[in-house]
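The values are calculated or read from the model by the stated rules, or taken from the named source; none is laboratory data. What you see is a predicted model; the values in this text were computed from it and never measured. Don't worry about glycine lacking a Cβ; one is built from the backbone with ideal geometry, like all the others, and counts go over all protein chains shown. All accessible areas refer to the heavy atoms of the entire protein, side chains included, with ligands and DNA or RNA removed. Shrake-Rupley method; radii C 1.70, N 1.55, O 1.52, S 1.80 Å.
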Amino acid sequence: MRMSGDGTAGGAPGRSPGESGPYPLHSGAADPSTETIGYRGPTACAAAGITYRQLDYWARTGLVEPSVRPAYGSGTQRLYSFRDVVVLKIVKRFLDTGVALQNIRAAVQHLRERGFCDLERMTLMSDGATVYECSSPDEVVNLLQGGQGIFGIAVGVVWRDVEAALSQLHGERVDTGETLVGHNPADELARRRNRAV
């Protein structure tokens with residue numbers, strides 16, 4: 001699927017509409033709003049490799065908004081879902097490779113429309129001007145043979161990177177507000193906070 005900066009999308013070479021790739025879906029929920037664990041801004045930044053300033057700007061401009069809990073005025077904490085953090089890291093990688101923000105917005109909008117359900121098996125390719133979605137190795141090959149793709153982001157790799165990073169950091173149960181301590185043995189403060197509750 002081709003995603004251009006004007007918001008239009010066209011089919012990738014060698015793909016029929018509705019055709020899916022051979023990879024299994026991740027076992028997570030397809031709808032990020034059903035997430036039971038959210039990640040605060042600083043945690044999302046650490047896992048995605050971005051600054052808090054970038055996170056705040058992207059949320060305020062609607063590029064990547066927190067799907068678990070948006071900020072309502074001062075003093076409230078945004079909560080990002082796991083999939084939100086994956087998208088933040090994808091946006092960061094595109095920016096690092098020089099893709100225009102307008103084209104990244106089109107790609108993020110396309111991912112939202114897809115419902116984030118098959119992110120893990122997707123490869124996003126770009127020639128710097130256009131972002132293409134590939135769901136199978138054949139689509140990647142067809143795109144490269146057409147001379148269109150210069151670099152790609154294997155979303156499954158980003159997915160695993162974010163999983164590994166978040167396992168070391170803290171999450172928050174959406175229903176109770178309990179802090180979920182990551183596997184970082186050095187973080188005694190979060191353990192004490194949970195014992196005090």
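A few remarks follow.
- Under the condition of being open to solvent by 30 Å² or more (accessible area, probe 1.4 Å) and of a type in the set (A, V, I, L, M), the residues counted in the range 60-97 number 3.
- Qualifying residues in the range 40-56 (those that are outside any helix (DSSP H, G or I) and at pLDDT 95 or above) - the one most open to solvent (accessible area, probe 1.4 Å): Thr51
For (1) without any contact (Cβ under 8 Å) to a residue 60 or more places away in the chain; (2) in contact with a Lys or Arg (Cβ under 7 Å, 6 or more places away or on another chain); (3) within 25 Å of Leu169 (Cβ to Cβ), each residue gets a yes or a no:
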residue	(1), (2), (3)
Gly73	yes, no, no
Tyr80	yes, no, yes
Ile104	yes, no, yes
Asp118	no, no, no
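- So Cys117, is it at pLDDT below 80 and closer than 18 Å to Val87 by Cβ: yes
- The range 98-110, subset of a type in the set (A, V, I, L, M, F, W, C) and over 9 Å from the mean Cα position of the chain (by Cα), residue surrounded by the most Cβ atoms within 10 Å (Cβ to Cβ): Ala107
- Residue in the range 156-173 that is farthest from Ala47 (Cα to Cα), counting only those that are modelled with pLDDT of 85 or more and touching a Lys or Arg at 6+ places or on another chain (Cβ under 8 Å): Glu172
- For the range 132-147, a tally of residues being open to solvent by less than 60 Å² (accessible area, probe 1.4 Å) and touching a residue at least 40 places away in the same chain (Cβ under 8 Å) returns 9.
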